[in-house]
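First up is the structure itself, then whatever we jot down about it.
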Amino acid sequence: PLTLDAEGGADFARAVEVGNAVEAVAMGTPDDTYEPAEELPYYNDEFEPQRLLLARVEGEIVARGMYHTQCGEGADSAWLNVQVLPEFTGRGIGRALFDGVEAMACADGKAKAIAYHAAVPQPGPQLIPATGAGSLPAEHRTARLLQARGYTFEQVERVSRLPLPVAGLDELLAQAVSNSGPDYVVHTWQNRCPERW
């Protein structure tokens, strides 16, 4: 939809809610949530087309498949993501959505499909990416699904969380300044980055 009030707007809003719920479980925190109104402009960017597939159970949206690409010469990649509410996993919904978003990539002639998957670290066997940095629980259902589809594990994106306020911040800063010596200076600014940087 072009707006949340247009036809399909309510479905789009529900799809964002589903994505937020799945990410909160996968990341272990609800801190990285989005509002439908802030997501909608990304789906209407003509230079970076996105498409959304929805899965329903008894009329209720329980999963989404996302397809994202770019326009122009050399735009040979597609970014794919599938999110299924935990209580609806194991029913083939994720597999069906992945079939759909992969079909979009093929129809658009994309040479590369890049899939994103969030997971909280867990003990047990780990998959190590080609970069050698980080890992992913080998037994996670999405990791198994992607491997079964022929995807290779290339890179880990690490997300850290710092609860505020930070206890002893002044002492930590003083220690960092002492360790770094006079060659490093802390610069701060608000709003726009200064021109010199």
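Here are the numbers:
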read-out: Contact order relative to length of the chain, as percent, for alpha carbon pairs under 8 angstrom and 6 or more apart; value: 13 percent
read-out: Helix-only [θ]222 nm of the chain, DSSP H runs n ≥ 4, -39500 (n - 2.57) each, per residue, nearest 500; value: -10000 deg cm²/dmol
read-out: Within the chain, percent of DSSP bridges classed antiparallel, to nearest 5; value: 80 percent
read-out: 1.4 Å probe accessible area per residue over the stretch 2-132, in Å²; value: 57 Å²
read-out: Restricting the stretch 93-193 to trypsin sites (Lys or Arg not before Pro) in coil, as DSSP defines it, with at most 15 other Cβ within 10 Å; value: 149, 158, 161, 192
read-out: Karplus-derived HN-Hα couplings along the stretch 140-155 (A = 6.51, B = -1.76, C = 1.60, θ = phi - 60°), whole Hz, x at Gly and Pro; value: 5, 4, 5, 4, 5, 4, 5, 5, 5, 8, x, 6, 10, 8, 9, 7
read-out: Per residue, the convex hull volume that the Cα atoms of the chain enclose (Å³); value: 214 Å³
read-out: Accessible area of the stretch 57-197 belonging to carbon and sulfur atoms, whole % at 1.4 Å probe; value: 52 percent
read-out: Chymotrypsin sites (Phe, Trp or Tyr not before Pro) lying in DSSP loop within the stretch 16-63, provided at most 16 other Cβ fall within 10 Å; value: 34, 47
read-out: Length released on extending from residue 149 to residue 29, taking residue separation times 0.36 nm less the Cα-Cα span; value: 40.3 nm
read-out: Size of charge dipole - the stretch 65-130 - debye, nearest 20, with Cβ of Lys, Arg +1 and Asp, Glu -1, no other charges; value: 180 debye
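The values are calculated or read from the model by the stated rules, or taken from the named source; none is laboratory data. Note that the coordinates shown come from a computational prediction; the quantities given were computed from them, not determined experimentally. Note that each Cβ is placed from the backbone with ideal geometry, even for glycine, and that neighbours are counted across all protein chains shown. Ligands, DNA and RNA are excluded from the accessible area calculation, which covers all protein heavy atoms including side chains. Shrake-Rupley method; radii C 1.70, N 1.55, O 1.52, S 1.80 Å.
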